Amino acid sequence: MVGKISRYFPKIMVAVLDVSDKIRVGDNVKIKGATTDFDQIVSSMQVEHSQIEEVGVGMQVGFKVDQTVEPGDEVYLLV
């Protein structure tokens with residue numbers, strides 16, 4: 001697991017991820033929760049309104065999601 005969703009902004013389809021392992025733009029991830037289960041490529045990430053390519057443990061990052069997510073959903077890196 002690379003992190004858990006802590007917030008979701010439905011109008012702009014952006015989720016905030018509490019990062020527990022390294023994640024980068026271009027990674028293929030699975031987002032899974034009670035009502036959520038889909039795969040997607042991480043297309044963009046931001047920290048404090050600045051575009052970034054990679055984040056590490058302990059950070060919070062906003063990223064675009066393809067579908068609705070819920071706080072508590074888990075994000076896994078697909079190999």
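Summary of computed values
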quantity: Choice from GLN60, GLN51, GLN40 showing the highest fluctuation, given a GNM over the chain with Cα pairs closer than 10 Å; calculated: GLN51
quantity: Burial ordering of LYS11, LYS30, fewest other beta-carbon atoms within 10 Å first; calculated: LYS11, LYS30
quantity: Cα-based Rg and Dmax for the range 3-77, where Dmax is the largest Cα-Cα distance (Å); calculated: 10.8, 31
quantity: Stretch gain in nm, segment VAL47-GLU70, where the contour uses 0.36 nm per residue and the Cα spacing is subtracted; calculated: 6.3 nm
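Rule-based calculations on the coordinates, nothing more; no lab input. This structure is a prediction, so every number in the text was calculated from the model and none was measured. Counting neighbours? That spans all protein chains shown, and the Cβs are built from the backbone with ideal geometry, glycine included.
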